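Contents: one structure, followed by commentary.
The values are calculated or read from the model by the stated rules, or taken from the named source; none is laboratory data. Quick caveat, the model's predicted, so the values are computed rather than measured. With ideal geometry, Cβ positions are generated from the backbone for all residues, glycine too; neighbour counts draw on all protein chains shown. Please note that ligands, DNA and RNA were not included when accessible areas were found on the heavy atoms of the full protein model with its side chains. Shrake-Rupley method; radii C 1.70, N 1.55, O 1.52, S 1.80 Å.
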Amino acid sequence: MTGAVSHFNSRAVQVIIGVDTHKDQHVAVTIGGRGIRLGERHVPVATSGYEELERWSCDLGQIHAFGIEGTGSYGAGLARFLTDRSHAVIEINRPDRSVRYRKGKSDPTDAEMAARSVLAGIADAIPKSGEGEVEMIRMLKSAKNSAVMARTQAVNQMKALVVTAPAELRERLDGLATGALAERCRNFRPGRLDSPKAAAKYTLRSLACRYRQLS
């Protein structure tokens, strides 16, 4: 794939399309095999926008490759669409900070730089497909990881609250292991919130229930 992207057939009018991706709109710039800038296009992030981009690119010449930023985030949908249409898709890293400093930040500039990095052979990575079991596991794992982080936060809040709780309550909870602390706090019945002790019990019970749910 690297060789296919690095070398052009000079007898054909071939084009490379660089795409700067965003949440609601993608910006594309097309260059020819000799690096001449051929055009710029803004398309919505939707199937209709992807189709519009493909038609526009085909009108400019024989598509050599698409260089797309953010294939693992905002550009994932476009990358899958184009791959399914048998186009070569190259993953582009964000532009170097020094280049952005010299040229300034603009979406068309970033899109053009993406195209030129493919032309120069600097970018040649094939993006992940975003399909199959690997992608399923990635999504499930992301939910699990966030739950683990939130559970840890709930535990830390419980332990911090025990330190500052009224003496009677603190003595009952101090030194308990995490599981035992959460279980004891979950069984609290704070009643009316008319004292610091009741408020502490209410808060601890809320955190303990959150901990158990996340577990």
Requested in this report: List the residues whose amide H sits under 5 Å from the amide H of T71, counting only those 5 or more places along or on another chain, with H placed 1.01 Å from N in the peptide plane.
Outcome: I92
Report summary line: The number of Lys pairs in the chain whose alpha carbons lie under 29 Å apart, excluding pairs fewer than 8 residues apart on one chain, is 13
Query raised in the report: In region 28-67, which trypsin sites (Lys or Arg not before Pro) are in a loop and have at most 13 other Cβ atoms within 10 Å, using DSSP for the loop call?
Result: R34
Query raised in the report: Is it possible to state the helix-based mean residue ellipticity at 222 nm for the chain, with each DSSP H run of 4+ residues giving -39500 (n - 2.57), the sum divided by total residues, to the nearest 500 deg cm²/dmol? What is it?
Result: -17000 deg cm²/dmol
Query - Charge dipole (debye, nearest 20) of the chain; +1 at Cβ of Lys and Arg, -1 at Cβ of Asp and Glu - result: 1240
Report summary line: Of every hundred units of 1.4 Å-probe accessible area on the chain, the number belonging to carbon and sulfur atoms, as a percent, is 50
Query - Highest-MSF residue in the chain out of K197, K23, K141 [GNM, Cα springs under 10 Å] - result: K197
Query - Candidate residues M136, M158: accessible-area rank, largest first, probe 1.4 Å - result: M136, M158
Query raised in the report: L193: net charge of surrounding residues, Cβ under 15 Å, Lys/Arg +1, Asp/Glu -1, itself excluded?
Result: +4
Query raised in the report: Once amide H atoms are built 1.01 Å from N in the peptide plane, which residues 5 or more positions from H26, or in another chain, come under 5 Å H to H?
Result: V43, V45
Query raised in the report: Dipole of the chain (Lys/Arg Cβ +1, Asp/Glu Cβ -1, origin at the Cα centre): which of G179, A115, Y211 lies farthest to the positive side?
Result: G179
Report summary line: Which of E183, E133, E112 fluctuates most in a GNM of the chain (C-alpha springs under 10 Å)? That residue is E183
Report task. Under a 10 Å cutoff between Cα atoms, tell me which one of Q62, Q153, Q14 has the largest fluctuation in the Gaussian network model of the chain. Result -> Q153
Report task. Please give the per residue accessible area of the chain, computed with a probe of 1.4 Å over protein heavy atoms only, in Å². Result -> 60
Report task. Please tell me the relative contact order of the chain in percent, rounded to the nearest whole number, where contacts are Cα pairs under 8 Å and at least six residues apart. Result -> 18
Query raised in the report: Of H22, M158, A200, which is farthest on the positive side of the dipole of the chain, counting Cα position, with +1 on Lys and Arg Cβ, -1 on Asp and Glu Cβ, and the Cα centre as origin?
Result: A200
